[in-house]
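Below: one structure, written as structure tokens.
The values are calculated or read from the model by the stated rules, or taken from the named source; none is laboratory data. Because the structure is a prediction, the values reported are computed rather than measured. Here the Cβ positions follow ideal geometry from the backbone for every residue, glycine too, while neighbour counts run over all protein chains shown. Quick note on the areas: whole protein, heavy atoms, side chains included, nothing else; ligands and nucleic acids left out. Shrake-Rupley method; radii C 1.70, N 1.55, O 1.52, S 1.80 Å.
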Amino acid sequence: ENGDEYTQTDIKQVIVPKQFPELDIALVELNKNITNITYLNICPSFDLLEEVLIMGYPPIPRTDDSYLIANKGEISSLPTLYSSEIQVIVVSCLLRGGHSGSPVLNNRGRVIGIVSDNLFNKINVEEENLNEGIGFSAAIGSMWINDLINGKV
């Protein structure tokens, strides 16, 4: 935000979930303090049909630069993944690679999740139902951020 750049030598430690290694999240602690930036507040609670804003930098075909893409949507579902037993937030807006790691903001500008995955079924070319391959955009809830900060995961 303020133009500062950080390198590998600025990293004190990287904290990843020990109990849930499939959780796509990490905390990066730096050796020095970051000043003159605006922090985002974390809100661990959210509801179905709550409006959300997601911003990221997915590549845009036939362009020569990165552009901020803002998507407005709502929380469509709160399913639990059978592969990891982690509850995710399914959002109604279409997200692409480049949104991963982006915050999911509620209408008060608080972080309720982090974009982590596209949930889809792999389909064969012969299948008629191509909608199966489109998938759903999913985020992990912000409660995992708090748990990671507090050493609970």
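For this structure, a couple of remarks:
- Largest accessible area first, the listed residues TYR39, TYR57, TYR82 line up as TYR82, TYR39, TYR57 when surface is computed with a 1.4 Å probe on the assembled protein chains.
- Net charge contributed by nearby residues that have their C-beta within less than 10 Å of ILE140 (K/R +1, D/E -1): -2
- Over the chain: helical MRE at 222 nm, DSSP H runs n ≥ 4 each giving -39500 (n - 2.57), nearest 500: -1500 deg cm²/dmol
- Exposure of ILE114 as accessible area (Å², to 10), given a probe of 1.4 Å and all protein chains: 30
- Solvent-accessible surface of the chain, averaged per residue with a 1.4 angstrom probe and all protein chains in place: 69 square angstrom.
- Within the full protein context, the accessible area of THR35 is estimated at about 80 Å² for a probe radius of 1.4 Å.
- Around SER45: net Lys/Arg minus Asp/Glu count, Cβ-Cβ under 13 Å: 0
- Solvent-accessible surface (1.4 Å probe) assigned to SER142 amounts to roughly 0 Å².
- Where a label projected 7 Å from the Cα of LEU81 along Cα→Cβ would reach, residues of segment 136-153 with amide N under 20 Å: 136-149, 152-153
- Computed on protein heavy atoms with a 1.4 Å probe, the accessible areas place LEU119, LEU68 in the order LEU68, LEU119, largest first.
- Near VAL28, once Lys and Arg are set to +1 and Asp and Glu to -1 for all other residues with Cβ below 13 Å from its Cβ, the sum equals 0.
- Ranking by accessible area, most exposed first, for ASP64, ASP10, ASP47 with a 1.4 Å probe: ASP64, ASP47, ASP10
- Rolling a 1.4 Å probe over the protein heavy atoms of the chain, with every protein chain left in place, gives an accessible area that is 50 percent carbon and sulfur.
- If you take the alpha carbon atoms of segment 4-64 and fit the smallest convex hull around them, that volume is 221 Å³ per residue.
- Which labelled figure in [x] 63, 33, 23; [y] 61, 30, 28; [z] 55, 41, 31 is Cα extents along the principal axes in Å, once derived from the coordinates: [z]
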